[in-house]
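The values are calculated or read from the model by the stated rules, or taken from the named source; none is laboratory data. Since we're looking at a predicted model, the values are computed, not measured. All Cβ positions, even for glycine, are placed from backbone atoms using ideal geometry, and neighbour counts span all protein chains on display.
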Amino acid sequence: MYCPECGARNTDDAAFCGECAAKLRAGRPAAPYPQFGAGSAGQGPGAQKAALNPKAKKLILAVLGALFCVVAFFVAGSIIASPDRVAKAYYNSVSAGNYDKAYGCIALPDSPFLTREAYRKIAENQAGGGGLKLERDKKRSTAEKIVYSLKRNEKQSALDLFLFGEDDLVEGGFELIRTGRTLLVFGKYRVRLDGMIARDCTITALRGAAVTVDGIAPLPDIADEDDEPGVDRYTIPYIFICDYEVEVTHPLCEAYSKSVRFSTGRGHDVTRMDLSESAREGLAEQVEALVPELYDAALLEGAPFSELNLPLTADPLVREAAEEKYDDWKLSNRTQDGEALYQSIEYKDFKDESHQTEFGPALTYQCRVSWTADYVKLEKVRLSDDLEAKEGSRSWTMELVFVFENDQWLIQEIKRL
């Protein structure tokens, strides 16, 4: 007979189980083995042991679940990271004109100018659209088949793809590169569009100007000793090859705006701008205020140059040249005895006669102002060496060259007194 507790076989007259020591029912044979399977024929003692061990059952289920998850992970990852999937998604998005979706398939370097809006603009305007050589006059079909060859090196994998539509004719081609990893295991592929991206484009503008490209301000380069004085250079490492609105503003100049298409290694120069009317008028007013001070000091008072409060640059050569011109002019308007020839001067009818309108990297402006003066001056009496005061009127002109330094206009040269 069999033990009802462990299922071990015992002799028919045994009182206790020889395997587990369980008490056998006296006077009544133990149930035959098939009863232990709960009606299942063909099961042995081991089957009942497994059914009575829940830990083993849980372990088996856990192992099977883990294997399923691993298989599902690799299957899903291989589908998501498939270069075919990326290529088809990009091709079909471009074919359908869905450039926002196509933008997500592109491998782009870090640059504020490689925006979704810029890509949409270049894709819509370009003959092929989105970097693909697609025929505009033919109905575009979805990519049914993709053939590619994989090229590997130490840094990346490149796939040259050719896409075939329903008619089995080549519709276009482009290249994929592996840009990283997806889910830590699978390669991450993106479309490379080198032909649509320009590199190392430059904008050169007047120092102190504000530069924007489609509303985005590029960062200025760090100045070095080889740079041209009076200018700032901006380098854009990466930008789509399409038309951008370049705007340059300067506190002294009229606003500059122009549509520019960038290309690799080429620059755009905005180092000459039109000086604003308000800036020119401000300089003329500054000279007008300076005239009485300078002329009265030299012609009436005979004041030394050091007492003048002229807004000169800090360059000692500029000051030396200005002082020499002032002293010669002052001396030429005095008698041999050192007496001033002009006794009084009244200034009127100032007029700005400056011709310069362009402001360049030198940051200079040549200002010419004329006026009329009523005066009383000592003049020689005819046929005599005596002097007498006479009234008169004359026109005068003064020319000064200003330079913009430290946010102010300073005199760089006195050209004419």
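Let me confirm something: among 378, 400, which residue is over 49 Å from the mean Cα position of the chain (by Cα), surrounded by 15 or more Cβ atoms within 10 Å (Cβ to Cβ) and assigned to a strand (DSSP E or B)?
Testing whether each residue is over 49 Å from the mean Cα position of the chain (by Cα), surrounded by 15 or more Cβ atoms within 10 Å (Cβ to Cβ) and assigned to a strand (DSSP E or B) leaves just 378.
Among the residues of the stretch 315-323, are any surrounded by fewer than 17 Cβ atoms within 10 Å (Cβ to Cβ), in a loop (DSSP other than H, G, I, E, B) and modelled with pLDDT under 95?
Within the stretch 315-323, one or more residues are surrounded by fewer than 17 Cβ atoms within 10 Å (Cβ to Cβ), in a loop (DSSP other than H, G, I, E, B) and modelled with pLDDT under 95.
How many residues, within the stretch 192-215, are closer than 19 Å to residue 264 by Cβ, surrounded by fewer than 19 Cβ atoms within 10 Å (Cβ to Cβ) and not hydroxyl-bearing (Ser, Thr, Tyr)?
Result for the stretch 192-215: 5.
Out of all the residues in the stretch 335-343, is one or more in a helix (DSSP H, G or I), charged (D, E, K, R), without any contact (Cβ under 8 Å) to a residue 12 or more places away in the chain and loosely packed, with under 15 Cβ neighbours inside 10 Å?
no
Do you know which residues across the stretch 82-105 are at pLDDT 85 or above, under 22 Å from residue 186 (Cβ atoms) and surrounded by fewer than 19 Cβ atoms within 10 Å (Cβ to Cβ)?
101, 104
Do any strands (runs of 3 or more DSSP E) entirely within the stretch 219-313 hold 1 or more residues that are under 19 Å from the mean Cα position of the chain (by Cα), free of Cβ contacts under 8 Å to residues at least 60 places away in the same chain and not assigned by TED's automatic domain parsing to the domain that holds residue 359, and if so, which? Steps first, please.
Numbers: elements: 231-240, 243-249, 256-261, 267-270.
Of the strands (runs of 3 or more DSSP E) lying wholly inside the stretch 219-313, those with at least 1 residues that are under 19 Å from the mean Cα position of the chain (by Cα), free of Cβ contacts under 8 Å to residues at least 60 places away in the same chain and not assigned by TED's automatic domain parsing to the domain that holds residue 359 span 231-240, 243-249, 256-261.
Against the condition out of contact with any strand residue (DSSP E or B) (no Cβ under 7 Å at 6 or more places or on another chain), more than 30 Å from residue 247 (Cα to Cα), of a type in the set (D, E, K, R) and exposed (fewer than 13 other Cβ atoms within 10 Å of the Cβ), how does residue 307 come out, does it pass? Show your work before the answer.
Numbers: out of contact with any strand residue (DSSP E or B) (no Cβ under 7 Å at 6 or more places or on another chain): yes; more than 30 Å from residue 247 (Cα to Cα): yes; of a type in the set (D, E, K, R): yes; exposed (fewer than 13 other Cβ atoms within 10 Å of the Cβ): yes.
Here the answer is yes, as residue 307 does meet what is asked.
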